[in-house]
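To start, the structure under review is shown below, and the notes come after it.
The values are calculated or read from the model by the stated rules, or taken from the named source; none is laboratory data. Predicted, not measured: the structure shown is a model, and the values here were computed from it. Virtual Cβ from ideal backbone geometry, glycine too; neighbours counted across all protein chains shown.
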């Protein structure tokens, strides 16, 4: 279990995601490091100062107390009976600070040891362990202070001097006052620095937030721009951020972003104007071409009706002129329809029996493509939508023609219709499915764009259109407030049209 936990641990602490949080964290971390450095330096300095004062006190105390212990026993032995010395059998404690420790060593062996009574140790006798004796014996007789922890007394600052009789005299003062003072400084410094860190963190967060307000406005504006439909049509960009000092880094970012928005807005305006000119040209050209195309077609049909003998080559040419004129007329009508839809021309808004349109469209498809298998899946009740019956019939005709033209004979084409209930009513779903080879993967993303053809090598004389059928389907469905999608793979291609509930407003 622990091995798996270690395997999942990446070794890195999670960092804040926002720039504001990172700056605030960096400020607090730097301040914490500074406070820690100041605190450690203050504690070390105070500890050294107080220890030095303790060493000075040891020098002033000297060997008076341990030297008096030498005369506190007859003969200086460990088991001899103590004798009177200045009224105290444990050494001369006059002018000695409470808890002063004294010891006498002869040949590395402790002969006498006592402590001046204090609140922490009211008696004179001291119990020394073997470790204590070894530590005292190891003290150099140089008069310098050394910190030693005695088992019964705690921490002591000890100094040793050589005696007159070849012995070693040890004097010590407790380090507890030093430790207590240093510990109090640690508590006070910790509290003050903690409060300073908290105050700096809150204040720093507010300051960073105020300083980064232009960046917040840039992010908010960029978010609104990303939600705008920039692909087509006239686009109104949100107001510029402004208000930032351009002399600072944040101000330069905001100013650069505003300049970028200005360039984007100019480009979108020019693109929109170009689209409007193109739509106007397409509408005008389509409108103007209808009359000459119809005239060419009419003259060709009239020539074919001439009662006199017509050479076969001329008759064939006239037939081709009539056929191509008819196809060109259809193309002109499609382009004119797209131009009108792009211009936002409103469609008829009447109840349309979509079930009847499906029946008629499949009947026409059977007649046009007898080599395909045409099936229908219709609900028992008629499905009614609100829209333009002629344009919806054109959607069905284009989808079925697309399935017929781009699949081989014997392909099964299924048209299904259903009304799916939802919160706003019943969404109408129309699907045209075939088991043909599928739409090539490279053209699927743009299959609903204009002049997109499945086989770009196919010539116009092969009977195909100009690639406007599916774009008309998408434009008409969009004008009805619906959507059309494609799901294709070899052996299964489905066009799905979704129309809003009856009575719903169309989206333009």
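Of the residues in segment 412-425, how many are modelled with pLDDT under 90 and surrounded by 17 or more Cβ atoms within 10 Å (Cβ to Cβ)?
Residues that pass the stated criteria total 1.
Please list, ordered by residue number, the helices (runs of 4 or more DSSP H) wholly in segment 1-89 having 3 or more residues that are at pLDDT 85 or above and either more than 59 Å from the chain's Cα centre (by Cα) or over 30 Å from residue 177 (Cα atoms) (or both). Let's see the steps before the verdict.
On the way: elements: 2-8, 19-61, 64-69.
Of the helices (runs of 4 or more DSSP H) lying wholly inside segment 1-89, those with at least 3 residues that are at pLDDT 85 or above and either more than 59 Å from the chain's Cα centre (by Cα) or over 30 Å from residue 177 (Cα atoms) (or both) span 19-61.
Restricting the search to segment 110-136, which residues are at pLDDT 90 or above and surrounded by fewer than 17 Cβ atoms within 10 Å (Cβ to Cβ)?
Matches in segment 110-136: 129, 130, 131, 133, 134.
For the subset of segment 243-267 comprising residues that are outside any helix (DSSP H, G or I) and over 15 Å from residue 210 (Cα atoms), which member is modelled with the lowest pLDDT? Steps first, answer last, please.
Going through segment 243-267, the residues outside any helix (DSSP H, G or I) turn out to be 243-248.
If we keep only those that are over 15 Å from residue 210 (Cα atoms) as well, we get 246-247.
Details: 246: 67, 247: 70.
The selected residue is 246.
What number of residues within segment 134-153 satisfy the criterion of being in contact (Cβ under 8 Å) with a residue 24 or more places away in the chain and within 22 Å of residue 98 (Cα to Cα)?
At the first step, the residues of segment 134-153 found to be in contact (Cβ under 8 Å) with a residue 24 or more places away in the chain are 136-137, 139, 141, 143-145, 147-148, 150-153.
If we keep only those that are within 22 Å of residue 98 (Cα to Cα) as well, we get 136, 143-145, 147-148, 150-153.
Count: 10.
For segment 372-395, which residues satisfy the criterion of being touching a strand residue (DSSP E or B) at 6+ places or on another chain (Cβ under 8 Å) and outside any loop (DSSP other than H, G, I, E, B)?
Those that are touching a strand residue (DSSP E or B) at 6+ places or on another chain (Cβ under 8 Å) and outside any loop (DSSP other than H, G, I, E, B): 373, 374, 375, 376, 377, 384, 385, 386, 387, 389, 392, 395.
I'd like to know if segment 272-291 contains one or more residues that are part of a loop (DSSP other than H, G, I, E, B), in the same structural domain as residue 339 (by TED's automatic domain parsing), modelled with pLDDT of 65 or more and loosely packed, with under 13 Cβ neighbours inside 10 Å. Before the answer, list the steps.
Residues of segment 272-291 part of a loop (DSSP other than H, G, I, E, B): none.
No, segment 272-291 contains no residue that is part of a loop (DSSP other than H, G, I, E, B), in the same structural domain as residue 339 (by TED's automatic domain parsing), modelled with pLDDT of 65 or more and loosely packed, with under 13 Cβ neighbours inside 10 Å.
Among the residues of segment 366-383, is there at least one that is crowded, with 20+ Cβ neighbours inside 10 Å and at pLDDT below 90?
Yes: one or more hits.
If residue 170 satisfies every condition in (1) at pLDDT 90 or above; (2) loosely packed, with under 14 Cβ neighbours inside 10 Å; (3) in the same structural domain as residue 101 (by TED's automatic domain parsing) but one, which is the exception?
With respect to (1) at pLDDT 90 or above; (2) loosely packed, with under 14 Cβ neighbours inside 10 Å; (3) in the same structural domain as residue 101 (by TED's automatic domain parsing), residue 170 is out only on (2).
To keep it simple, each residue is scored yes or no on (1) surrounded by fewer than 20 Cβ atoms within 10 Å (Cβ to Cβ); (2) modelled with pLDDT of 70 or more; (3) touching a strand residue (DSSP E or B) at 6+ places or on another chain (Cβ under 7 Å).
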residue	(1), (2), (3)
444	yes, yes, yes
456	yes, no, no
475	no, yes, no
484	no, yes, yes
490	yes, yes, no
493	no, yes, yes
508	yes, no, no
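Check residue 98 against each of (1) in a loop (DSSP other than H, G, I, E, B); (2) loosely packed, with under 14 Cβ neighbours inside 10 Å; (3) modelled with pLDDT of 70 or more and name the one condition it does not meet.
Failing condition for residue 98: (2).
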